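The values are calculated or read from the model by the stated rules, or taken from the named source; none is laboratory data. All values reported here derive from a predicted model rather than from experimental measurement. All Cβ positions, even for glycine, are placed from backbone atoms using ideal geometry, and neighbour counts span all protein chains on display. SASA here: full protein model, heavy atoms, side chains in, ligands and nucleic acids out. Shrake-Rupley method; radii C 1.70, N 1.55, O 1.52, S 1.80 Å.
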Amino acid sequence: MTNRVRVAAVVLCLSIGAGCYYDVEEELYPNGCNTSNISYVQNIVPILEANCLSCHDALSQNGNVNLEGYDNVKQYADSGELLGTIRHEPGFSSMPQGTSMLPKCTIDRIQAWVDAGAPNN
């Protein structure tokens, strides 16, 4: 095998391996978290669907918590319980349970929505 073939083989292996690398958006773009104009329907509902509703929907209500529907979510947002649990603050049950904290950007978006008065938008 010539040096040129070896170099080509190494380059090929490196490029294939690089394609499997998992990039974390928040690490790549630390200032890329947009928290302006956060909407309950467009931003908060998808977060709840992906992280909360499998345990806290109207049917399951684990821990007697129902996060299905705006009125229910608003209640937990207004009381501080929503942010306390997802931030893993003392005195609150850390959620999602049994996993690491939600990404900072996700929490920042929920915080922005709560700070805006948790509007039904």
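Each residue in the stretch 91-116 was checked for being more than 11 Å from Asn51 (Cβ to Cβ), part of a loop (DSSP other than H, G, I, E, B) and touching a Ser or Thr at 6+ places or on another chain (Cβ under 8 Å), and 3 of them qualify.
Among the hydroxyl-bearing types (Ser, Thr, Tyr) and open to solvent by less than 70 Å² (accessible area, probe 1.4 Å) - does that describe any residue in the stretch 38-56? Spell out the reasoning first.
Pass one, the stretch 38-56, residues among the hydroxyl-bearing types (Ser, Thr, Tyr): 39-40, 54.
With the extra rule that they be open to solvent by less than 70 Å² (accessible area, probe 1.4 Å), the set shrinks to 39-40.
For the stretch 38-56, residues among the hydroxyl-bearing types (Ser, Thr, Tyr) and open to solvent by less than 70 Å² (accessible area, probe 1.4 Å): present.
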